[in-house]
Every structure is written in C-alpha cells, then in structure tokens.
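Q: Can you keep this structure in mind? I'll have questions shortly.
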Amino acid sequence: MVRVYLDWNATTPPLRDVIDAMSAAARDDWGNPASTHTFGRIARGRVEQARAAVARLARCDARDVVLTSGGTEANNLALRSAFARQAGTLITSRLEHPSVTRVAEALEREGRAHVRWIRVRPEGTLDLEDLARACAGSDARLVAVQAVNSETGVVQPIAEVLALTTRARVRLHVDAVQAFGRMDDVAEGA
Ligand SMILES: Cc1ncc(COP(=O)(O)O)c(C=O)c1O
C-alpha cells in the first residue's frame, strides 16, 4: 500500500541537515546548558547558536528570543502573561488555533479576561472594522491574531492589524507558526 502524507501544515519530515544537527548535539553536546562546567558551557553555546539563528530569521535581537517547546507553549505564555497582573479584554477570533481559543476561554472562566470575539469575513479574513471597534474599548489589553490559518491557509493582513493596534495602543500577539520561515513579509510586518 502506498501511503500519502497530506498534513504538511501540522508537520513536515525534518531536513537531513536538521537530523544531522540534532543527532550531533545529542551525541556530542549533551551537557545541561545551566551547568557551569565545560560540558554545560558547550551545550549553552549550542542553545545560544540556535537563538541567534532564530533572531536572524525574525530580524530581531537574540536577547528578545524566548525558546519554547513549540507553538502551544508560546501562545500560552504570551496570553497568560498579558493577563497575569491585571484583568482586561482579550480580542481574538474563532479562527485561531485551539492553543489560543482554549486559553482565551480558560482566562475568561478564571475571571482574568473578558474575550471579545472578532467577526470573520466570508473569505476567512478578520473583519478589520470590527477589530477597530473592539480596540477602541477602554479595557482592550491584547489582540491575538494568527498570521496564517493552519487548516485553510488564509493569510491575515498582519501589517494592517499592526497599524490598527499601534494606533489604538493595544498590544498585539501574532501566532506566526504557519508563516515563520515561509513568508518574509509577515515577519517584517509583525
Ligand atoms: C497556527 C498554529 N498555532 C499553534 C500551533 C501549535 O503548535 P505546536 O504543535 O508546536 O504546539 C499550530 C500547530 O500546527 C498552528 O498551526
């Protein structure tokens, strides 16, 4: 039987270079990067090398890169930290990955956030007028928008969303899991 893999947005087979780099790190540089001895310092060097590579791709300072286990942890971190100290309105949409919508629902249950769900246009992009109305609310604390939908591939107008949130002085979280490393202009706009 021939098996056909059609879920490339969920994950792809790793490149040979990736497999080689990971194998070499596990075989040769396995120290705990928090340890101060030579083994630890070598492992720490590997981590910092990876952080610098991500920063080059994102065109940001390596000190601003927080490495996580993946998108779910990163979305949890961004959303939960935004409402850790003070409650407010989280503006997002039902288009988001469950790692955003479920955290939004949990924050609402916990009384930390009121969630304002933005309307979606028939073609799958956000209704920017509705987004602007939501951002005008005095309690608006964070807008969470995905760059590219994992199921439909619809690309959101992140540069416009950024302009809008900047004008409204509301922080923006972009889940760029499906865009990072694939779409240059999304990284630039966000
Ligand atoms: C848009 C988007 N956000 C978040 C995630 C979750 O990422 P991870 O599987 O790395 O936790 C995915 C996974 O496919 C995704 O497509």
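The values are calculated or read from the model by the stated rules, or taken from the named source; none is laboratory data. Not measured: the values here are computed from a predicted model. Here the Cβ positions follow ideal geometry from the backbone for every residue, glycine too, while neighbour counts run over all protein chains shown.
Q: Among all residue pairs at least 6 apart or on different chains, which show Cβ distances below 9 Å where the first residue, located in the range 168-183, is of a type in the set (Phe, Trp, Tyr) and the second is more than 10 Å from the ligand (Cβ to nearest atom)?
A: PHE180/VAL54; PHE180/LEU57; PHE180/ALA58; PHE180/VAL186; PHE180/ALA187
Q: Another question about this same structure. Please work out which residue is nearest to the ligand (Cβ to nearest atom), limiting yourself to the range 130-149 and to residues that are in contact (Cβ under 8 Å) with a residue 40 or more places away in the chain and within 15 Å of ASN75 (Cα to Cα).
A: GLN146
Q: Restricting attention to the range 158-183, which residues are crowded, with 16+ Cβ neighbours inside 10 Å and within 16 Å of the ligand (Cβ to nearest atom)?
A: Result: ILE158, VAL161, LEU172, HIS173, VAL174, ASP175, ALA176, VAL177, GLN178, ALA179, PHE180, MET183.
Q: Another question, if that's okay. Among the residues of the range 56-83, which ones are touching a residue at least 24 places away in the same chain (Cβ under 8 Å), of a type in the set (A, V, I, L, M, F, W, C) and over 20 Å from ILE158 (Cβ atoms)?
A: Selection gives PHE83 alone.
Q: When you scan the range 106-127, do you find a residue that is at pLDDT 95 or above, within 16 Å of the ligand (Cβ to nearest atom), closer than 14 Å to VAL174 by Cα and of a type outside the set (S, T, N, Q), even just one?
A: yes
Q: When you go through ALA53, ALA78 one by one, which is the residue that is out of contact with any Gly (no Cβ under 7 Å at 6 or more places or on another chain) and within 16 Å of the ligand (Cβ to nearest atom)?
A: ALA78
Q: Given the residues ARG119, ARG141, which is the only one that is charged (D, E, K, R) and within 22 Å of SER81 (Cβ to Cβ)?
A: From the options ARG119, ARG141, the qualifying one is ARG141.
Q: Right, something else. Could you please find all residues in the range 1-44 being within 16 Å of the ligand (Cβ to nearest atom) and among the β-branched types (Val, Ile, Thr)?
A: Scanning the range 1-44 gives THR11, THR12, VAL18.
Q: Tell me, which helices (runs of 4 or more DSSP H) wholly within the range 1-86 include 2 or more residues that are among the basic types (Lys, Arg) and surrounded by 11 or more Cβ atoms within 10 Å (Cβ to Cβ)?
A: Output list reads 38-58.
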